[in-house]
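The values are calculated or read from the model by the stated rules, or taken from the named source; none is laboratory data. Note that the structure is a prediction, hence the values are computed from the model and not measured. Ideal geometry is used to build each Cβ from the backbone, glycine not excepted, and the neighbour counts take in all protein chains shown. These accessible areas exclude ligands, DNA and RNA; they are computed on the full protein's heavy atoms, side chains included. Shrake-Rupley method; radii C 1.70, N 1.55, O 1.52, S 1.80 Å.
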Amino acid sequence: MSKRRAHLDRGDRVTHTFDNEYWDQIWQGDRAQAMATSQPNPHLLTEVADLTPGTALDAGCGAGAEAIWLASCGWQVTAADIATDALARAAERADANGVQVEWVEADLSVWEPEAPYDLVTTHYAHPSIPQLEFYDRIATWVAPGGTLLIVGHLHHGGHGHGHGHGHGHEPPAAASATAATITARLDPAAWEVVTAQESQRTVPGSDKVLHDVVVRATRR
């Protein structure tokens, strides 16, 4: 085992190293089926409704719900994830829906795309690097005039010490952010912030509440 999957911080709370081992265990675990059949994130549907389809990257695509939805709307989609099992499920789901997506197995903390995209989006992805540094990385992959859309876990006081990742389990604080901490890293000379909101929503068919942060910005 090259990396520890979890450790205790100073508050004796479990935190994680979101590496390949961690995500392989998640996608082979008891939550995999629910994640593999999830619907596309509602924030994505709202935020891209006024965009003209072009090239898109779904960074940390999981089982591909968002990537498949984008492809069905006419986007040319590349979808990247570190988990082999997640990508296998995503490819099967894309085939069943009759859409084409380029699936890429990659560690997004080190991977680099060959060209920028008109849309770069991520939904609750947690790489092995700090969360805000991850958002910095994917922002560099947006083409001039393109859109960055981040949907993440909202960091709110007193929470963020669980062990989940957006499917009804509280994420660790290190995997969460606020609208202010994200937008503060977007240079106003290079970016126009279109959306910066914090909200909560109930997962359909359950009583689980997700606290979301949503940032959409256009590269100037």
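Some points to look at:
- Local charge for residue 199 was computed over the other residues whose Cβ lies under 15 Å away, with Lys and Arg +1 and Asp and Glu -1, and equals 0.
- Summed side-chain charge close to residue 65 - residues other than residue 65 whose Cβ falls under 13 Å, Lys, Arg +1, Asp, Glu -1: -2
- Coupling constants for region 128-140 follow from the phi torsions by the Karplus curve (6.51 cos²θ - 1.76 cosθ + 1.60, θ = phi - 60°), and in residue order they are 7, 9, x, 4, 5, 5, 4, 5, 4, 4, 5, 5, 6 Hz; glycine and proline get x.
- Distance between the 7 Å Cα→Cβ label points at residue 111 and residue 199: 2.8 nm.
- Cβ-defined net charge surrounding residue 45, 14 Å radius [Lys, Arg +1; Asp, Glu -1]: -3
- Using a probe radius of 1.4 angstrom, the carbon and sulfur fraction of the accessible surface of region 49-141 is 47%.
- Segments 196-206, 124-134, 78-88 sorted - mean Cβ within 10 Å per residue, highest first: 78-88, 124-134, 196-206
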